[in-house]
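The values are calculated or read from the model by the stated rules, or taken from the named source; none is laboratory data. Here the structure is a predicted model, which means the values were calculated and not measured. These area figures cover heavy atoms from the full protein model, side chains too; ligands, DNA and RNA do not enter into them. Shrake-Rupley method; radii C 1.70, N 1.55, O 1.52, S 1.80 Å.
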Amino acid sequence: MSDARRSSRTLLLCLLPLAAACASAPQFRDRSTRVGDGAAPPPSEGDPAQTASAPPEQAPAPAQPARAFDPKAHAASFGHPSLCEDEARRLAGKNRDLGWAVLRECVNRGFSNMKRLADGFWTEDLLARKDASVVLTKVIATRGGDIAGDLGALHQRRIALFGLSMAMEQPQTYAGKLVVARLRIGGSKNEVGQPTVQVAETTVSSVSTQVRSGATTLTSSSTAGNTATYGESANSARYSRDSMVQRHDNEITETGREGLLRLSQPDPFLAPGREFVVLARFQGVRYSGAVESEEEASSVALLSLVAYFEAAALVIE
């Protein structure tokens, strides 16, 4: 046997035990999926199908609805009523209804500048809006109830609010018109099944008086003698003087005009003795007394209540 064949035989005899060991070892299968073997390919990156271990995507949160504009809350964000009215004007320049809604809340928060209201900017609203007369009556009450003075500013803009004296002097002309009056509540009665209170018109004015606020102590001194020879001699005296301040008080007087205020239902707040600034619709006058002419008869105004407000202290401008 040649050397080459002897070497091959020796190598084969050495490999046989190794092959037997490999055959007896546990076999491992390739579990990877191959395209073309009938199985679906693995999901590629960005594919909507996700593996079981990947967390599910969350749906976007629904959009929150826009909050409705709140005129009351908006007006409350301004510390001073005049700033609130400035904001109402700004809004009215973009949306007239929105500006008016804020103005009403400004008035509820104490805005009472009648000159500002009557300067022309709000005239369109004061003439056309149904609640304008109630807003103006509220302003008049906040200012103290100076009916004649405040109505004069409104009449320059031809705003149809009138005083009780004008209506009673010409009842046919003013029948059905709105009147504003400062009224003191009297007794109640029932007319044709409708609750009614007796009222008497009053006016308010400001009275100024000087009142003592306290005493102030003063000291005066003087010098006497020859200062070069004897030195200076000082005399002093102390005295007190009253300090005076001016005080403004409201003076209420009755005009003599009376009326019957008809209500839609009984109102426990319209108690006898209380005073209010009242918005009412003038229905005419009722005459009483056995006299020959209406001028000599006593007349009572017939009024239907629209709104009323308590009067604040009179504003001095």
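Okay, here's what the table says:
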| item | result |
| --- | --- |
| Tyr174, Tyr308, reordered so the largest accessible area comes first (probe 1.4 Å) | Tyr308, Tyr174 |
| Tensor-based shape of the range 109-193 (alpha-carbon gyration tensor, a/c under 1.5 rounded, otherwise prolate or oblate) | prolate |
| Unsatisfied cross-links (Cα-Cα over 22 Å) in the set Lys72/Lys130; Lys130/Lys177; Lys130/Lys189 | Lys130/Lys189 |
| The range 73-89 versus the range 126-148: alpha-carbon centroid distance in Å | 18 Å |
